[in-house]
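Colleague: Please read through the structure below; I'll follow up with questions.
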Amino acid sequence: MSYSLKSSTAVVLALGLIGGPAFADMNAAKSFLDSEIGDVSTLSRADQEAEMQFFVDAAAPYQGMEIKVVSETIATHEYESTVLAPAFEAITGIKVTHDLIGEGDVVEKLQTQMQSGENIYDAYVNDSDLIGTHWRYKQVRNLTDWMTGEGAAVTLPTLDVEDFIGTEFTTGPDGKLYQLPTQQFANLYWFRYDWFNDEQNKADFLEKYGYELGVPVNWSAYEDIAEFFTGRDLSRMGVEGEVFGNMDYGKKDPSLGWRYTDAWMSMAGMGDVGEPNGLPVDEWGIRVNENSQPTGSCVARGGATNAPAAVYAVTKAIEWLEKYSPPAAAGMTFGEAGPIPAQGNVAQQMFWYTAFTAATVEPGLPVMNEDGTPKWRMAPSPHGVYWKEGQKVGYQDAGSWTLMESTPVDRAQAAWLYAQFVVSKTVDLKKSDVGLTFIRESTIDSEHFTERAPRLGGLVEFYRSPARVQWSPTGTNVPDYPKLAQLWWQNIGDAMSGSKTPQEALDALCADQEKVLSRLERAGVQGALGPVLNEEMSAEHWFSQPGAPFAKLADEDEAPKTIAYDELIKSWN
């Protein structure tokens, strides 16, 4: 991270709480504002204090209560857990244990609470990818009704839900808000801006491929660039060791599933047109009817999980991993692969999460200039040959506060206070400064990030651009995320390891997804919102219908196209 986290003990010491009683304290709030927030806020000091006064007053009935919340382990949540949780305790008298565990473990705990009714955690930060699950099962409190009902007295008057950029992702088809974002990041294209602008590299690329080296618009250009840089001698630019044209990961692990469900298929062009997700076929290949009921995953039922575009997507990922990536990448997980581009030997990465920005702008890294500006940039990811205008082009993670119905009301109210504290306008600019995972328009548009923008490689420009809305999380077509997500890494892992062809692996995946859909249909647990599977028909029937699934193209190699990065940024402005 570019910001050094204080330990929770240091925060407590700063607020004078060691050995003190648990009670709401405006003096502690002022100390927190002095020591931690300062002027790194979109609010004036008077407005900051007004928000803090709300937390002091609203917490009065809950003083001395101990609550437990959980999130995955990323820089933003580390800051919440180690800095904001103890500050919240000092200010409100409510003790918060904010556990940090793996994303898969968060989903597992949430699933256990859904199935058992046992209150394991009082609030969860879980991805908005579960919106289809939450909307159908009705086991989480919808926040729209909560904020005007049982949660009204503990809802921050200045919460300003309209200021959040991700609520479209956490709203069900019924128009109700089910989750409140606390961090967001996108998967974008990452590349070495300095290498791409080097005159020798540009001349050599033009001579070899017949077009300009630049940000690839499509996968054909990405592949050419990957080939060009792999094994290239860049010692004249101070680069030591072997150079690679691509970075990815391929270990059979839960994170491999995210690699594909996080919109890789839509980037290839598998699904239908639509924002935030394709309809009626989404980026998981799941088809829904006009009532949002899932009707199939395999091509035989009108789905696209095993369609030619999906096979193309998996085939290309494996090919680039084998040909143009560091040999160790095939055995890496998401977390292990993330820091590799910052080591200085990778030319580009199509599937790069902006959550790694903070760790990739550390002073002294091989990818940083001495003046603190990066040698790299991020840009929109290129799209595959099946992609059409209006289709989704990338994934955006929206880790969001979620209150379960099985949590007792008073505990949910106390947890809701904490959730709002860590997303409040008082806190959000500073939290975003640490984790660079934006959730508020006011933070993105702040003068603070105008000043930081040149040192963040295009992150601010992307989030201020109109292109931002084309990146979105998993949508409501997925009726049970915990059950379905695990099928992806298990089946696609077989293709990555070579034990199955991409077609065989995807045939097995869509069949497994339909087994789950069928069980949900028979059980009727999701009522009128649950799956109603189509009868199987020929692939030709579905290929002849409008939209996805699409028939195999005679030629999957399209003419490569690039764009100059600086021209791209100008188009956003």
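Colleague: Of the residues N306, N289, only one is outside the structural domain of Y137 (by TED's automatic domain parsing) and touching a strand residue (DSSP E or B) at 6+ places or on another chain (Cβ under 6 Å); which? Outline the logic, then answer.
Modeller: On the way: N306 fails: touching a strand residue (DSSP E or B) at 6+ places or on another chain (Cβ under 6 Å).
Going through N306, N289 in turn, just one is outside the structural domain of Y137 (by TED's automatic domain parsing) and touching a strand residue (DSSP E or B) at 6+ places or on another chain (Cβ under 6 Å): N289.
Colleague: Let me ask you something else. Between R455, R440, which is charged (D, E, K, R) and closer than 27 Å to N126 by Cβ? Even if it seems obvious, please write down each step before you answer.
Modeller: On the way: R455 fails: closer than 27 Å to N126 by Cβ.
Within the list R455, R440, the selection yields R440.
Colleague: Tell me, yes or no, whether the range 71-89 has at least one residue that is surrounded by fewer than 17 Cβ atoms within 10 Å (Cβ to Cβ), assigned to a helix (DSSP H, G or I) and aliphatic (A, V, I, L, M).
Modeller: Of the range 71-89, the ones surrounded by fewer than 17 Cβ atoms within 10 Å (Cβ to Cβ) are 73.
From what is left, the residues that are assigned to a helix (DSSP H, G or I) are none.
No, the range 71-89 contains no residue that is surrounded by fewer than 17 Cβ atoms within 10 Å (Cβ to Cβ), assigned to a helix (DSSP H, G or I) and aliphatic (A, V, I, L, M).
Colleague: Of the residues F228, F205, F244, only one is buried (at least 24 other Cβ atoms within 10 Å of the Cβ) and either at pLDDT 95 or above or not basic (K, R) (or both); which?
Modeller: Working: F228 fails: buried (at least 24 other Cβ atoms within 10 Å of the Cβ); F205 fails: buried (at least 24 other Cβ atoms within 10 Å of the Cβ).
Checking each option against the conditions leaves just F244.
Colleague: Is there any pair with a first residue in the range 509-526 that is on the phi < 0 side of the Ramachandran plot and in the same structural domain as K483 (by TED's automatic domain parsing) and a second that is surrounded by fewer than 21 Cβ atoms within 10 Å (Cβ to Cβ) and aromatic (F, W, Y) whose Cβ atoms are under 7 Å apart and which are 6 or more apart or on different chains, and what are they?
Modeller: Sorted first by the residue in the range 509-526, then by its partner, the pairs are Q526/Y137.
Colleague: Would you confirm whether or not the range 288-295 contains a residue that is buried (at least 24 other Cβ atoms within 10 Å of the Cβ), acidic (D, E) and not in a helix (DSSP H, G or I)?
Modeller: There is no residue in the range 288-295 that is buried (at least 24 other Cβ atoms within 10 Å of the Cβ), acidic (D, E) and not in a helix (DSSP H, G or I).
Colleague: Right, D160: at pLDDT 95 or above, more than 20 Å from the chain's Cα centre (by Cα), at positive phi and not β-branched (V, I, T) or not? Outline the logic, then answer.
Modeller: Working: at pLDDT 95 or above: yes; more than 20 Å from the chain's Cα centre (by Cα): yes; at positive phi: yes; not β-branched (V, I, T): yes.
The answer is yes for D160.
Colleague: Separate question: Looking at T426, T450, can you tell me which residue is farther than 20 Å from K68 by Cβ and surrounded by 24 or more Cβ atoms within 10 Å (Cβ to Cβ)?
Modeller: Numbers: T450 fails: surrounded by 24 or more Cβ atoms within 10 Å (Cβ to Cβ).
Exactly one of T426, T450 is farther than 20 Å from K68 by Cβ and surrounded by 24 or more Cβ atoms within 10 Å (Cβ to Cβ), namely T426.
Colleague: Another question about this same structure. What's the number of the only condition in (1) within 30 Å of G257 (Cα to Cα); (2) surrounded by 16 or more Cβ atoms within 10 Å (Cβ to Cβ); (3) in contact with a helix residue (DSSP H, G or I) (Cβ under 9 Å, 6 or more places away or on another chain); (4) of a type in the set (V, I, T) that I101 fails to meet?
Modeller: (2)
Colleague: In the range 419-442, which residues are closer than 15 Å to S81 by Cβ and among the small types (G, A, S)?
Modeller: A419, G435
For every residue, the table says whether it meets (1) surrounded by fewer than 15 Cβ atoms within 10 Å (Cβ to Cβ); (2) at pLDDT 95 or above; (3) within 30 Å of A485 (Cα to Cα).
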{"site": "E36", "(1), (2), (3)": "no, yes, no"}
{"site": "L43", "(1), (2), (3)": "no, yes, no"}
{"site": "A60", "(1), (2), (3)": "yes, yes, no"}
{"site": "I120", "(1), (2), (3)": "no, yes, yes"}
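Residue-by-condition table, conditions (1) assigned to a helix (DSSP H, G or I); (2) touching a helix residue (DSSP H, G or I) at 6+ places or on another chain (Cβ under 9 Å); (3) of a type in the set (D, E, K, R); (4) over 26 Å from A58 (Cβ atoms):
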| position | (1), (2), (3), (4) |
| --- | --- |
| D145 | yes, no, yes, no |
| P157 | no, yes, no, no |
| E162 | yes, yes, yes, no |
| P173 | no, yes, no, yes |
| P181 | no, yes, no, no |
| F185 | no, yes, no, yes |
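Colleague: Further question: Mind listing just one residue for me: the one in the range 129-154 that is among the hydroxyl-bearing types (S, T, Y) and surrounded by fewer than 21 Cβ atoms within 10 Å (Cβ to Cβ) and, of those, farthest from T443 (Cα to Cα)?
Modeller: Y137
Colleague: A further question follows. From the residues in the range 45-58 that are of a type in the set (G, A, S) and touching a residue at least 60 places away in the same chain (Cβ under 8 Å), which one is surrounded by the fewest Cβ atoms within 10 Å (Cβ to Cβ)? Steps first, please.
Modeller: So the first thing to find is which residues in the range 45-58 are of a type in the set (G, A, S), and the list is 46, 50, 58.
With touching a residue at least 60 places away in the same chain (Cβ under 8 Å) added as a condition, the list becomes 50, 58.
Numbers: A50: 14, A58: 20.
Ranking the candidates gives A50 first.
Colleague: Does T443 count as buried (at least 24 other Cβ atoms within 10 Å of the Cβ) and either acidic (D, E) or within 21 Å of the chain's Cα centre (by Cα) (or both)? Spell out how you get there, then give the answer.
Modeller: On the way: buried (at least 24 other Cβ atoms within 10 Å of the Cβ): no; either acidic (D, E) or within 21 Å of the chain's Cα centre (by Cα) (or both): yes.
No.
Colleague: What is the residue count in the range 341-379 for residues that are loosely packed, with under 15 Cβ neighbours inside 10 Å, farther than 15 Å from R452 by Cα and in contact (Cβ under 8 Å) with a residue 12 or more places away in the chain?
Modeller: 2
Colleague: I've got another one for you. How do the helices (runs of 4 or more DSSP H) wholly within the range 466-573 filter down when requiring 1 or more residues that are farther than 23 Å from I318 by Cβ and touching a Ser or Thr at 6+ places or on another chain (Cβ under 9 Å): which remain? Show your work before the answer.
Modeller: Details: elements: 481-497, 502-523, 539-543, 565-572.
Of the helices (runs of 4 or more DSSP H) lying wholly inside the range 466-573, those with at least 1 residues that are farther than 23 Å from I318 by Cβ and touching a Ser or Thr at 6+ places or on another chain (Cβ under 9 Å) span 481-497, 502-523, 565-572.
Colleague: Right, here's the next one. Restricting attention to the range 322-340, which residues are crowded, with 22+ Cβ neighbours inside 10 Å and either touching a Ser or Thr at 6+ places or on another chain (Cβ under 7 Å) or outside the structural domain of E223 (by TED's automatic domain parsing) (or both)?
Modeller: Residue satisfying the conditions is Y324 alone.
Colleague: For the condition at pLDDT 95 or above and of a type in the set (A, V, I, L, M), what is the one hit in A359, A415, A379? Quick ask: steps written out before the conclusion?
Modeller: Working: A359 fails: at pLDDT 95 or above; A379 fails: at pLDDT 95 or above.
Just a single option satisfies the conditions, and that option is A415.
Colleague: If I filter the range 310-323 for residues that are modelled with pLDDT of 95 or more, in contact with a Cys (Cβ under 6 Å, 6 or more places away or on another chain) and among the hydroxyl-bearing types (S, T, Y), do I get at least one hit?
Modeller: First pass over the range 310-323, keeping only residues modelled with pLDDT of 95 or more: 310-323.
Imposing the further condition that a residue be in contact with a Cys (Cβ under 6 Å, 6 or more places away or on another chain) reduces the set to none.
No, the range 310-323 has no match at all.
The values are calculated or read from the model by the stated rules, or taken from the named source; none is laboratory data. Just so it is clear, the structure is predicted and the values come from calculations on it, not from any experiment. All Cβ positions, even for glycine, are placed from backbone atoms using ideal geometry, and neighbour counts span all protein chains on display.
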